[in-house]
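The values are calculated or read from the model by the stated rules, or taken from the named source; none is laboratory data. What you see is a predicted model; the values in this text were computed from it and never measured. Heads up, the Cβs are rebuilt from the backbone with ideal geometry, glycines too, and the neighbour counts pull from every protein chain shown.
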Amino acid sequence: MTKIFHLNGNNLSIHDVAYIARAKAGDIQLIIDPHALEKMKKSRQVVLDIVKKGKPVYGINTGFGALASKQIAEEDLAQLQYNLIRSHCTGVGKPFSREITRAIMLVRANCLIQGFSGVSPETIELLLDFINFNINPVIPEKGSVGASGDLAPLSHIALALIGEGEVDYQGKIIKSDFALHQIGKTPAALGPKDGLALINGTSVMLALGCLAFVDTERIMKQADIVACLTLDAVRGTASAFDLRISQLKPQPGQVDVSHNLLKIISGSEIIHSHKEDGKVQDPYSLRCIPQVHGACRQTLRHAHEVLDTELNSVTDNPLVFADTGDVISGGNFHGEALALCMDYLAMGLSEICNIAERRVEKMMNPHFSDLPAFLTANSGLNSGLMIAHVTMAALASENKYLCHPASVDSIPTSTDKEDHVSMGVTAGRKLHEVVSNVQHGLAIELLCNTQGLEFLRPLKTSPALEKVYTLVRKHVSPIGEDRIFHKDIDNLTRLIQNDEIIKEVESLTGALK
């Protein structure tokens, strides 16, 4: 059944972005809310009235950037917009994925629908048609510095709208005019300000942030679940998760994680089997899970605040105020808030992977774990999961350089008129790399700790974690002799990338925080 979204520029959520971006063809339909459409028409009329009066107004009848002082004749205004789009299509590198491309188009449309951009409503309706009919412009990843909008990548979308770009449609890369013909539409006819409105905003970095946020929410819960499996595999203690400890240091994330861990591990036979084993304290990677995982959750809280605000904001320039007829130049296209929050979120994710890598090492080490070396019964002849840990170490280490903040960089452009930029798209692209690395890292920890449980049978872990173990065994069999572990890691990574593990646990524990 098709799910219909009535967009008014103020009602889109981060989870809506991910849902729409990842939806299959025919699953969703996007429509402009009638009230929002009226606002768009009024701001459009302001632009047309300015053209008639002939007074120079930036973005409507002038050049752009450092060429803002050059007034353009009325008869050349349409050509001005086409020239803008063509000249700004300078992106390089591999194309963005289908889901990122769809998210970019969605958040750009949502911004323009608010009625402060003076853009032609018909052009935005065509942009929504691209999403509804699963037409995805080819957008090179690189070329934005994160201020004056994400000009280059957004221009590649605009180029597709006017029928001159390339799109991915029904699994083939074709010219956009042909794809438009296939769905019974004609290319957009750009008028005053249309081209500038399409490309001058934070839509690319915002789309990257929204998709990464939804994946990170899942990762944070999964990290708690996977850590509890490791705790039992090495016969650690849950005493450090006592809520009385966190109540004396009530950082919100720490308190949430402590609640989660106690729910997840509740009823474990393994924990009760070694209460008197002489261990006084576990290593920090086990004992300090609430403090570390909790702090990482704080980066997610901040990201939600920033992304949610930006998502229903107007981020282009200049802005059209239809109630007064004013057109005012500003700087809402600057992506500093997004760049900073995505750099921060990447650091939180990196720490999830860092502490998970330490837990994997503990399982490899028989002197600590009392498990067979590298989790294989016949070590020597078999290497077991020795190199799976090396891969985990490589991922954790790569995250560290990916966490160098893009937002502290700036480089002037446009003859120094655009003299401070955010590098927000760079921050977003790095964040997605970190997300992928952490997903693989948690998959490796899951491969290791479920194997560790094999050596503790017939003792069982908690009911919730036994459900996770059973789910894992549907995808990965217990390890006897050495085999190609790459396939196991891939299978578990796909499991980490969806909600199955969380659903299994929450079916017994209730909603995790």
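Just a few scattered comments:
Residue by residue, here is whether (1) of a type outside the set (Phe, Trp, Tyr); (2) under 18 Å from ARG287 (Cβ atoms); (3) not in a helix (DSSP H, G or I) holds:
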{"residue": "MET342", "(1), (2), (3)": "yes, no, no"}
{"residue": "ALA346", "(1), (2), (3)": "yes, no, no"}
{"residue": "GLU351", "(1), (2), (3)": "yes, yes, no"}
{"residue": "ALA356", "(1), (2), (3)": "yes, yes, no"}
{"residue": "ARG359", "(1), (2), (3)": "yes, yes, no"}
{"residue": "LYS362", "(1), (2), (3)": "yes, yes, no"}
{"residue": "LEU371", "(1), (2), (3)": "yes, no, yes"}
{"residue": "ILE387", "(1), (2), (3)": "yes, no, no"}
{"residue": "VAL390", "(1), (2), (3)": "yes, no, no"}
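- Only a single item in (1) in a helix (DSSP H, G or I); (2) touching a Lys or Arg at 6+ places or on another chain (Cβ under 8 Å); (3) not aromatic (Phe, Trp, Tyr) is not met by GLN281, and it is number (1).
- Breaking point among (1) under 22 Å from the mean Cα position of the chain (by Cα); (2) within 30 Å of SER258 (Cβ to Cβ), for ASN332: (2)
- Residue that is loosely packed, with under 15 Cβ neighbours inside 10 Å and not β-branched (Val, Ile, Thr), where the choices are PRO372, PRO412, PRO405: PRO412
- Among the residues making up the range 317-356, a single one is in contact with a helix residue (DSSP H, G or I) (Cβ under 7 Å, 6 or more places away or on another chain) and either of a type in the set (Phe, Trp, Tyr) or outside the structural domain of ARG287 (by TED's automatic domain parsing) (or both): TYR344.
- When the residues of the range 83-135 are filtered to those that are out of contact with any helix residue (DSSP H, G or I) (no Cβ under 7 Å at 6 or more places or on another chain) and among the acidic types (Asp, Glu), the one that is surrounded by the most Cβ atoms within 10 Å (Cβ to Cβ) is GLU125.
- None of ALA160, ALA238, ALA197, ALA233 is in the same structural domain as ALA295 (by TED's automatic domain parsing), in contact (Cβ under 8 Å) with a residue 12 or more places away in the chain, crowded, with 24+ Cβ neighbours inside 10 Å and of a type in the set (A, V, I, L, M, F, W, C) except ALA233.
- Filter result for the condition that a residue is surrounded by 22 or more Cβ atoms within 10 Å (Cβ to Cβ) and of a type in the set (A, V, I, L, M), over LEU300, LEU319, LEU338: LEU338
- Hey, ALA36 surrounded by 15 or more Cβ atoms within 10 Å (Cβ to Cβ) and over 30 Å from LEU80 (Cα atoms) or not: no
- Spans of helices (runs of 4 or more DSSP H) in the range 162-264 with at least 2 residues in contact with a helix residue (DSSP H, G or I) (Cβ under 6 Å, 6 or more places away or on another chain) and closer than 28 Å to MET105 by Cα: 194-199, 203-233
- Any hit, the range 268-277, residues being at pLDDT 95 or above and more than 30 Å from LEU459 (Cβ to Cβ): no
- The helices (runs of 4 or more DSSP H) located wholly in the range 407-513 that include 3 or more residues which are modelled with pLDDT of 95 or more and touching a strand residue (DSSP E or B) at 6+ places or on another chain (Cβ under 9 Å) occupy 424-454.
- Strands (runs of 3 or more DSSP E) contained entirely in the range 1-108, each with at least 3 residues that are closer than 20 Å to VAL425 by Cα, modelled with pLDDT of 95 or more and assigned by TED's automatic domain parsing to the domain that holds LEU126: 92-95
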